[in-house]
Every structure is written in structure tokens, then in C-alpha cells.
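To start, the structure itself, in C-alpha cells.
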Amino acid sequence: RAALTSEVFPVFAEPSGSLTELILDDCCNVEETALLAGLRALADSPGRLTVLCLGHCGRGFSSDCAHLLASRSKAPVEGGGGFHIEHLSLGGCYRLASADVVAMAESPMGCSLRTLQLTHCEAVDGPACRAIAASCGSTLASLALDFCGLDDAALDSLSGLSALVELSLAGAQRASAEAIARLVGSGGLPARLHLLCLANNEQVTDECLAALAAAEDGWPQLEALDLSNVGLITDETVEPLLRATPKLHTLRLRGAHEVTDACPVAAAETAGARLREVSLNGCTRVTDAAIKALEVHCASSLAVLDISWCRLVTTDALGYLTDACAAKRAPIAHGGVVGGEGEPAPPAPEHNYSSGTSAVLAPALRLWGMTQITDKFHRGHRLPPHVVEGTPDARSLQAGHGPAMSRTKWSVRVRPATIACA
């Protein structure tokens, strides 16, 4: 997973090739000249490049690169070379100016974009967002403007995106709570929205969530809600929001210090077997009551559970939850066959939290900082070693680990790439 260099990048821009999708996770070492030459070669090639995802490309992706994309882009119905980009993701593009974003949005590429992801781009301001809304409003389904220079004028401009299904506005620190409330609560976003991320916005308050919950048409299609590191919210407004989202299956509340058991209990009771992912990382007031509710209502569906630093959760509560998840998904008698053909079942653990049969299927557990969990759980659960993360016995324990949820990306949804380099 090493970063690409300027010498390697031209390999992916062979003029005689027919490349249609290019996804490069780390371009931090690619110089501007190499990136510009590669994009020119792709524009001259006979292929129809429809997907361009360049991660950490700020060093090389300049205004010249942006204007090259704009000038050589073509509408989907046009033939020949050039760019026919429908999915564009530029990570860390800090060198772009507002005029560059406007030029890309107003080019033929703008009217065909279905996915646009710009991260750490301070140039995304009011004029840039107005150009995106005006040119891409009828086609753009997924928009991520994470850690950009969004202010109130920029957020007010996003209300014209009628085709939007996914929206991520993480780290919009310049925008006020009032602007966020206007966007999410006054018909600014389409009711068909499936994903909404407001993570790392410390200014988001209960009033913002109240506006979201009180939207006139509700959120009948919303499936994933990320409120990570929004520390001012409380149970009082999270619970009504859960009632307004009847299809919600992913809820992230990392760092919501004021959230108590009432919120995860309400989520478990409301969503039931629909709930697949819950993050309570750093919710220090959560106790066994929340874990019990997940055991009772969500054991058959829960796939990811992050309760790192929830120091009030006990060993037994966690053990009962994992056993319930395993038993309700695929009960297999001891000594049976699990996994691949001919693979023997694991030996019976020293401790078991429930009687009856069990299996290896259970949530992916993230338990960083949970030093109160004893060997009774570590040696007693029936999970494969790679499923539990953050305990002394976990194989995936890493020194200097980052936030657990950061590795679960809300990434651009694109088709399988013709060439993908991680």
C-alpha cells in the first residue's frame, strides 16, 4: 500500500490503452508535472474514462489539472477520447481555487456527474457550491465535501440538489448551527436521502437535530446517520430523530459525551432487527442497559459494534450479547462443521454466557480502552480472532492506533474498477 511516485503514475496513463476507471488511493508523492502529463495522455487515449478517484492528490493536483479536466470533458453521449467522468473523487486537493471548482462544475462533466467527493479543499465556498447545485443538481446522487471551507452561503446553495441520495458534510466548522438547521430541516434536502454525515461538526446542537427530525416529509429512506464527534447532542433530540427514520440501520454517535443509555435503547427498540452498525465509541455514560437492549432486539442483524472507552459496560453483558448474536444467526451444535468444507468447529470455550448451541458469526467488536473486560470474555467468546479489535488478546491490536471508526469509510460508491491501486 505504498504511495505512488511520479515515475510510476505514467503506467496508469498509457495513451494506447482503453482505461475506463482509475482509482489511486495515495498520490501524495506524485508531482504536478507527472500528474498533468498523465491526465493529458488519458484525454488523448481512445478509452472513455468515467471514474477518476485520486486520494491525497493535493501536491500534484493544481489549477491546471482542474482546467484540463474541464476543457477535455465531454457529455456521455459524445464519442471519441476525452473525459466522460461520472464519478470524481479528489482527496486533499488543497491547491484548488474556487474558480477551478466552478470551471469543473460548469463544464460538460458537470451535467453528467453522479458522484463528487472533494476533501480538505478550502476553495469550496458559496460560488463553488452554487455552481455545483446549478450544473449538477439533476444528476448528482452522492456529494461529499468533507473538511472543506464551507460557510453559511455554501450550505444555503446546496438546497438545489434534487437528485441527492448521499450527503457528507464532515468538518464544516465555518458553517453555523443555524445554517445546518436550515439545510436539513426546511426542505433543503430531498426526502429520498439515504445517507447523511454531519460528523466532526462541534457546532451541531440539539436544535439542528430537532430541525432534522421535524422535516415536513420526514426521512423515509434514510439508512445511515453519522453524528460522530458531535459532542453537544443529547438523548432528548436523538430519540425523535430515530422515529423519523424508519429505515435507519447505521447509527454513529462516537464522542457524543452527553448520550446515555436512553439513546441506544431507543435505537434498538425502534430499529430492532434492522440495526446493523452502532458506534458508541467514547459515550462514557453508556452502561449494560444499552448492551442488553442490543442483545434483545438486534442480535440477529448487528454486524459492527464499537463500544470503545465505554468503561461502564461489564464483561458478562458483552459476553451475553456475543453469544446471542452467534446463536440467532446460525446455530450449530458443538462438534459440527463451520466455515469452509472440512474445517472443524473450534473447541468449546472455558466460559459460555448462554446455554445451547453457538456459531462463529457475531458482531465485529471494537473494544479499545475497555480494560475492565476480563479474561472471562477474552477466553470465553466464540468469535474468530480477527473479529475482536482493541483487546490485549486481539490479533489486530496495533500500536499507535487511530480512531476505530475512521477505518470504516463512507466512500464513493463506484463500480468495480478496471484499474485500482491501493
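Please go through region 135-179 and give me each residue that is aliphatic (A, V, I, L, M), within 19 Å of P108 (Cα to Cα), at pLDDT 95 or above and open to solvent by 10 Å² or more (accessible area, probe 1.4 Å), ordered by number.
A141
Checking V238 against (1) open to solvent by 10 Å² or more (accessible area, probe 1.4 Å); (2) part of a helix (DSSP H, G or I), which single condition isn't satisfied?
With respect to (1) open to solvent by 10 Å² or more (accessible area, probe 1.4 Å); (2) part of a helix (DSSP H, G or I), V238 is out only on (1).
Among A268, A273, A290, which is part of a helix (DSSP H, G or I), surrounded by fewer than 21 Cβ atoms within 10 Å (Cβ to Cβ) and touching a helix residue (DSSP H, G or I) at 6+ places or on another chain (Cβ under 8 Å)? So that I can check it myself, show each step before the final result.
Numbers: A268 fails: surrounded by fewer than 21 Cβ atoms within 10 Å (Cβ to Cβ); A290 fails: surrounded by fewer than 21 Cβ atoms within 10 Å (Cβ to Cβ).
From the options A268, A273, A290, the qualifying one is A273.
Name every residue in region 204-230 that is surrounded by 17 or more Cβ atoms within 10 Å (Cβ to Cβ), out of contact with any helix residue (DSSP H, G or I) (no Cβ under 7 Å at 6 or more places or on another chain) and in a loop (DSSP other than H, G, I, E, B), in order of residue number.
Scanning region 204-230 gives W219, L222, E223, L227, N229, V230.
May I ask you to verify whether V304 is closer than 16 Å to I373 by Cβ and touching a strand residue (DSSP E or B) at 6+ places or on another chain (Cβ under 7 Å)? If you could, list the steps in order and put the result at the bottom.
Numbers: closer than 16 Å to I373 by Cβ: no; touching a strand residue (DSSP E or B) at 6+ places or on another chain (Cβ under 7 Å): yes.
For V304, the condition - closer than 16 Å to I373 by Cβ and touching a strand residue (DSSP E or B) at 6+ places or on another chain (Cβ under 7 Å) - is not met.
Kindly indicate the residue of region 180-197 that is assigned to a loop (DSSP other than H, G, I, E, B) and over 22 Å from S98 (Cβ atoms) and also most open to solvent (accessible area, probe 1.4 Å) among those meeting that condition. Don't jump to the end; show me each part of the working.
Of all residues in region 180-197, those assigned to a loop (DSSP other than H, G, I, E, B) come to 186-194.
Right, trim to over 22 Å from S98 (Cβ atoms) and you get 186-187, 189-194.
Details: S186: 86, G187: 66, L189: 14, P190: 23, A191: 33, R192: 120, L193: 1, H194: 55 Å².
The selected residue is R192.
Mind checking whether some residue in region 347-364 is modelled with pLDDT under 80, open to solvent by less than 30 Å² (accessible area, probe 1.4 Å) and either charged (D, E, K, R) or in a strand (DSSP E or B) (or both)?
yes
What is the number of the single condition among (1) part of a strand (DSSP E or B); (2) open to solvent by 10 Å² or more (accessible area, probe 1.4 Å) that L90 does not meet?
Among (1) part of a strand (DSSP E or B); (2) open to solvent by 10 Å² or more (accessible area, probe 1.4 Å), L90 violates only (2).
The values are calculated or read from the model by the stated rules, or taken from the named source; none is laboratory data. Note that the structure is predicted; figures quoted are calculated from it, not measured. Positions of Cβ are backbone-derived with ideal geometry, glycine not excepted, and every protein chain shown enters the neighbour counts. Heads up: the accessible areas ignore ligands, DNA and RNA and are worked out on the full protein's heavy atoms, side chains in. Shrake-Rupley method; radii C 1.70, N 1.55, O 1.52, S 1.80 Å.
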